[in-house]
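Encoded as structure tokens, the structure appears first; notes follow it.
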């Protein structure tokens, strides 16, 4: 997945690895199917978000949003950068980092075309803020729910633990990324572009996105799973728009990047195989020993290590392994919180570190853009470490 030989999609390697594990008998087929089933909530969540995004794209919502952003920037690339970053924070916070990758990225592509600027700095915003702001709320990243399982802290306790760390992560990422891209943000850009009229279908799609954000907050407050409500609202929004416009669903269904779903399923199978090796038991023993020696040192080390591991194997399987380790080790709360920060911010180092970044890659490829592994790593190596260090440091200070 990291090297992507022959430029084949990332899903090929995840599914291929899972199939090899099953074919070699390293994991029984029945257990493999159960592992695939464990990802049901994630599949439903992604399906709903992708349906919303594709419906909005076809109804011109992204062009409408892009025109607003460009006109409000007043011909300033720096102001446009800040506007996009602020919107990215809001989308990630209230709809999840995957929504930022799926919903916001096409709008940013449209905005940069209208503004006639180099799209890369603004596209990087979508990728990096998707992870930097992904622990403001429990719903900001599905990996948060994976790590805590059925024991997600109440919202008040969550904010007490993560308000300051997430604020520092967001600010650090903004200033470092803006500094890296400062040469591309000089001069002026187009302004006063024609504001397209949003159709009834477009307004319906936009309302569906807003309703989904509200529903996710409500469902999270009730400590319920997010996948089914998101899928239902995405399917309902798409259906209403198609019926009103008297259109066939074929175009929308063809536009959705379904390849992401088998990629996730493959990762769940690989994690199940790893758990069979006793990896979680070994990690739990090490975590218990480190926590007894020094809780702050254990938290900092665990968060940093998980941040790096998330880039080697993607943060979704890394979070699943961390969750299994936590269940066996019962470490202090500060250690668990540091692990969550690591699994959320860590993926900003590499292009395959998180599912959100892979979704972002898929989105920009559809728009004719591409970013290679080394190009992303050069930026990520500067952006991720300060955000991670500040966030974990802030979390330890509030212990």
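Tabulated data for the structure shown
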quantity	calculated
Subset of the stretch 362-385 [over 20 Å from residue 169 (Cβ atoms) and crowded, with 24+ Cβ neighbours inside 10 Å]	363
Within the stretch 174-285, helices (runs of 4 or more DSSP H) holding 2 or more residues that are in contact with a helix residue (DSSP H, G or I) (Cβ under 9 Å, 6 or more places away or on another chain), farther than 30 Å from residue 22 by Cβ and in contact (Cβ under 8 Å) with a residue 60 or more places away in the chain	200-221, 227-245, 250-255
Flag for residue 233 being closer than 30 Å to residue 397 by Cβ and crowded, with 20+ Cβ neighbours inside 10 Å	no
Matching option when the condition is surrounded by 15 or more Cβ atoms within 10 Å (Cβ to Cβ), modelled with pLDDT of 95 or more, closer than 27 Å to residue 45 by Cβ and out of contact with any strand residue (DSSP E or B) (no Cβ under 7 Å at 6 or more places or on another chain), among 307, 265	307
Among the candidates 171, 137, 147, 83, residue that is closer than 22 Å to residue 267 by Cβ and in contact with a helix residue (DSSP H, G or I) (Cβ under 9 Å, 6 or more places away or on another chain)	147
Hey, residue 293 closer than 30 Å to residue 393 by Cα and surrounded by fewer than 17 Cβ atoms within 10 Å (Cβ to Cβ) or not	yes
Residue 341 being outside any helix (DSSP H, G or I), surrounded by 23 or more Cβ atoms within 10 Å (Cβ to Cβ) and modelled with pLDDT of 85 or more	no
Test: residue in the stretch 78-87 that is in a loop (DSSP other than H, G, I, E, B) and closer than 21 Å to residue 366 by Cα	no
Complete set of residues in the stretch 367-384 that are part of a helix (DSSP H, G or I) and touching a helix residue (DSSP H, G or I) at 6+ places or on another chain (Cβ under 8 Å)	376, 377, 379, 380, 381, 382, 383, 384
Single residue of 79, 7 found to be at negative phi and either surrounded by fewer than 21 Cβ atoms within 10 Å (Cβ to Cβ) or modelled with pLDDT under 85 (or both)	79
Test: residue in the stretch 17-28 that is surrounded by fewer than 21 Cβ atoms within 10 Å (Cβ to Cβ), within 27 Å of residue 133 (Cα to Cα) and free of Cβ contacts under 8 Å to residues at least 12 places away in the same chain	no
Enumeration of residues in the stretch 200-222 that are more than 23 Å from residue 159 (Cα to Cα) and within 18 Å of the chain's Cα centre (by Cα)	209
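The values are calculated or read from the model by the stated rules, or taken from the named source; none is laboratory data. These figures come from a predicted structure and were not determined experimentally. Heads up, the Cβs are rebuilt from the backbone with ideal geometry, glycines too, and the neighbour counts pull from every protein chain shown.
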